[in-house]
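Below is one structure; the comments refer to it alone.
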Amino acid sequence: MKKNFIVANWKLNGNIQTISNFLNHLRLKISLYLQNNTVVIAPSTIYLERVYNYIKDMNIFLGAQNVDINTQGAFTGETSILMLKDIGAKYVIVGHSERRFLHNENNELISKKFGLVKSLNLIPILCIGETETQKKKNKTKEILTNQLNVIFQDFGEKAFINSIIAYEPIWSIGTGISADPIYVQSIHKFIKDYINKYNSSDIEKIIVQYGGSVNSKNAKNFLEQPDIDGLLIGSASLMYEEFLKILKISNDILCK
Ligand code: PGA
C-alpha cells in the first residue's frame, strides 16, 4: 500500500528544550497518522542521538542532514556514515541546495555521498532542483537530468533503487513561494520517466517527494497529485502543531 514519505528537515534550528517539547507533543498523536505516512525527523547532527532515543519506539525514523565522504580519520569537524549508522540514522539527505550553494558541493561530490550512504545500507534522500534563473530560461529538465546523470554514471542503471528523490525548486525553498502543484506533478512525472527509461521494472518503487515552502495550507494540493509521493518540509516542520496538521492531511488523503 502506498504511504506518503514525509521528512522534517530542521536545518540549523532547535535546542534541547524545543526538541523535547516538539517530540513530546508528537508522541501523543503520531500513532494516529502512521497508517499512511512514513515519517522521518532530520535534526542537526548534535541532536541526532537525542532525537533517536525519543523516537525509536514511535515507528518513525531518524535522518541526517549531511555526511562526509570520508568514513574515518583526520577530518576535523566532519561526521561519518559509520557514525550515523552507529547511532541509529536510517536516512541521509544529500545534495540539499543549501549545501550545494553555501558549502560549494557539486554533483560529483554529492554522487560520492549518495553512493557512500547506499554502501552502508542507509537510504539517501537526493535533493535536486533548479534556480529561478534556470527555470526562466527553460532549463529545468536539463538541470535535473544533469543532477541525475552523475549518479547513473557512477552507480549504473540500478542506482536509484532504495533511494528517495526530493524535487526542491531552489526558488521555493524558505521563500514562502511554493511551486504550483500542477507544475510539480509534471516535473515528478518527468523525473520518474527519466529514471524509468533505464529501469522500467522499478518505477513503482521510486519515491519522489516535493520540498519548498510547504505548510498545512498547501500540503493537500501537492499530495493530491499522483506523482508527488511525499514532502520535505523545512520551516513548517519546526512547529509541532503545523507538522501534525500536515501529517493528518497526508494520512487522510490516502484514507479516501
Ligand atoms: P522550507 O525548506 O520548507 O523552509 O522551504 C524546505 C527544504 O529546504 O527542504
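The values are calculated or read from the model by the stated rules, or taken from the named source; none is laboratory data. Note that the structure is predicted; figures quoted are calculated from it, not measured. Backbone-built Cβ (ideal geometry, glycine too); neighbour counts: all protein chains shown. The accessibility values were calculated without ligands, DNA or RNA, using every heavy atom of the protein model including side chains. Shrake-Rupley method; radii C 1.70, N 1.55, O 1.52, S 1.80 Å.
Of the residues screened, SER237 is not one that is surrounded by fewer than 24 Cβ atoms within 10 Å (Cβ to Cβ), touching a residue at least 40 places away in the same chain (Cβ under 8 Å) and within 18 Å of the chain's Cα centre (by Cα).
Hey, does the range 189-207 have a residue that's in a loop (DSSP other than H, G, I, E, B), within 16 Å of the ligand (Cβ to nearest atom), open to solvent by less than 50 Å² (accessible area, probe 1.4 Å) and not hydrophobic (A, V, I, L, M, F, W, C)?
Taking the range 189-207 as the starting set, the residues that turn out to be in a loop (DSSP other than H, G, I, E, B) are 199, 206.
Now narrow it down to the ones that are within 16 Å of the ligand (Cβ to nearest atom): none.
Scanning the range 189-207, I find no residue that is in a loop (DSSP other than H, G, I, E, B), within 16 Å of the ligand (Cβ to nearest atom), open to solvent by less than 50 Å² (accessible area, probe 1.4 Å) and not hydrophobic (A, V, I, L, M, F, W, C), so the answer is no.
Among the residues of the range 6-43, those that are β-branched (Val, Ile, Thr) and in contact with a strand residue (DSSP E or B) (Cβ under 8 Å, 6 or more places away or on another chain) comprise ILE6, VAL7, ILE30, THR38, VAL39, VAL40, ILE41.
Please determine, by comparing only the residues of the range 157-175 that are of a type outside the set (Asp, Glu) and open to solvent by 30 Å² or more (accessible area, probe 1.4 Å), which one is farthest from the ligand (Cβ to nearest atom). Quick ask: steps written out before the conclusion?
Just the residues of the range 157-175 that are of a type outside the set (Asp, Glu), to begin with: 158-167, 169-175.
Adding the requirement that they be open to solvent by 30 Å² or more (accessible area, probe 1.4 Å) leaves 158, 161-162, 170-171, 174-175.
Working: LYS158: 26, ILE161: 23, ASN162: 21, ILE170: 9, TRP171: 10, GLY174: 4, THR175: 7 Å.
The selected residue is LYS158.
Which residue, of SER186, SER178, SER213, is out of contact with any His (no Cβ under 6 Å at 6 or more places or on another chain), of a type in the set (Gly, Ala, Ser) and either more than 16 Å from the ligand (Cβ to nearest atom) or not in a loop (DSSP other than H, G, I, E, B) (or both)?
On the way: SER178 fails: either more than 16 Å from the ligand (Cβ to nearest atom) or not in a loop (DSSP other than H, G, I, E, B) (or both); SER213 fails: either more than 16 Å from the ligand (Cβ to nearest atom) or not in a loop (DSSP other than H, G, I, E, B) (or both).
Within the list SER186, SER178, SER213, the selection yields SER186.
Note on the range 216-234: residues that are surrounded by fewer than 18 Cβ atoms within 10 Å (Cβ to Cβ) and under 16 Å from the mean Cα position of the chain (by Cα) amount to 0.
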